[in-house]
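K.L.:
Sharing a structure with you now.
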Amino acid sequence: MSRSKLKHLAIIMDGNGRWAKQRGLNRTKGHEKGAEIIRDITTYCAKQPNIETVTFYAFSTENWKRPKLEVDFLMRLLDNYLKKELVTYQENNVCFKAIGNMEALSKKLQERIKTTQEATKNNSDLTHILALNYGGRAEITRAVNELIAKGKKEILEEDISTALQTPYSDIDLLIRTSGEERISNFLLWQLSYSEFYFSQTLWPDFTVEELDNIIEDFEQRNRRFGGV
Ligand code: IPE
Ligand code: IPE
Ligand code: MG
């Protein structure tokens, strides 16, 4: 039997707060360490010939419910991350994209996202997508409304797929760290036939070695897509 090929990997990075709490630190320290892991995983993915896209869940439409101090910190961290990692994207030939509702983000962060996307748009070894103020239901609803606005009377599955912000490809493998086993409104449409892997590791402790083992496990899986 041939090995399953991983083209699009998606990751729900969870457990930053618990990682910090275990060490008696503020939750923000967990987010800081977590951001460093994104860089390691992105660099690794850029070197894998099969992997075309990696999508990270960085901030959900529900995460606004967190204390303002934590939300503000996360927004600043994202801005600093993009500023600092532009060189990593360029050195590793990585194209950066953001998905989600950007309008609710600060002008400064919106500008940073725009310039990072523009600066990396011709990079071709990997597409690195950050889901920011992202919700799967919001993405589908927006796509359907766009189609209605275009005058569509009958909507096909293909229409929705291409109207989404992530028409790149379906997700082959979804990893969620920290032992939680739920989707939390991540890529609902694109996950319809994904393989799932739930890791007990808290995101700030996640490593390239663990990812390598998870991919090895994924490649052994027999994906049937409803067939036999
Ligand atoms: C994931 O870690 C990061 C974000 C959701 C931004 P959490 O902050 O959810 O960490 P836990 O789940 O509280 O440990
Ligand atoms: C999901 O994690 C969102 C991100 C990783 C950005 P949460 O920690 O917010 O999810 P729940 O609340 O445990 O479902
Ligand atoms: Mg969490």
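FYI, it's all coordinate maths here, none of it is from the lab. Treat the numbers as computed from the prediction; the structure is a model and nothing was measured. Cβ placement follows ideal geometry from the backbone for every residue including glycine, while neighbour counts extend to all protein chains displayed.
K.L.:
Taking the Cβ-Cβ separation of residue 111 and residue 152 as r and a Förster radius of 30 Å, what is the calculated FRET efficiency to the nearest 0.05? Don't jump to the answer; show the numbers that get you there.
P.N.:
Numbers: r = 33 Å, r/R0 = 1.10.
Taking R0 as 30 Å, the efficiency between residue 111 and residue 152 is 0.35.
K.L.:
Mind grabbing the base-10 log of I(q)/I(0) for the stretch 1-133 at q = 0.13 Å⁻¹? Debye formula, identical points on the C-alpha positions, no solvent, two decimal places.
P.N.:
Calculated log10 I(q)/I(0) at the listed q: -0.56.
K.L.:
Taking the Cα centre of the chain as the origin, how large is its charge dipole in debye, to the nearest 20, when only Lys and Arg (+1) and Asp and Glu (-1) carry charge on their Cβ atoms?
P.N.:
Here the size comes out at about 720 debye.
K.L.:
Still on this model: Which pairs break 25 Å Cα to Cα here: 33/68; 33/121; 29/108; 84/114? Could you put the intermediate results ahead of the total?
P.N.:
Values: 33/68 20 Å; 33/121 27 Å; 29/108 23 Å; 84/114 15 Å.
With Cα atoms farther than 25 Å apart: 33/121.
K.L.:
Is the shape of the chain rounded, prolate or oblate, going by the alpha carbon gyration tensor and its root eigenvalues a ≥ b ≥ c, with a/c under 1.5 for rounded and a/b larger than b/c for prolate?
P.N.:
On the way: a/c = 1.39, a/b = 1.09, b/c = 1.27.
Rounded is the answer for the chain, as its axis ratio a/c remains below 1.5.
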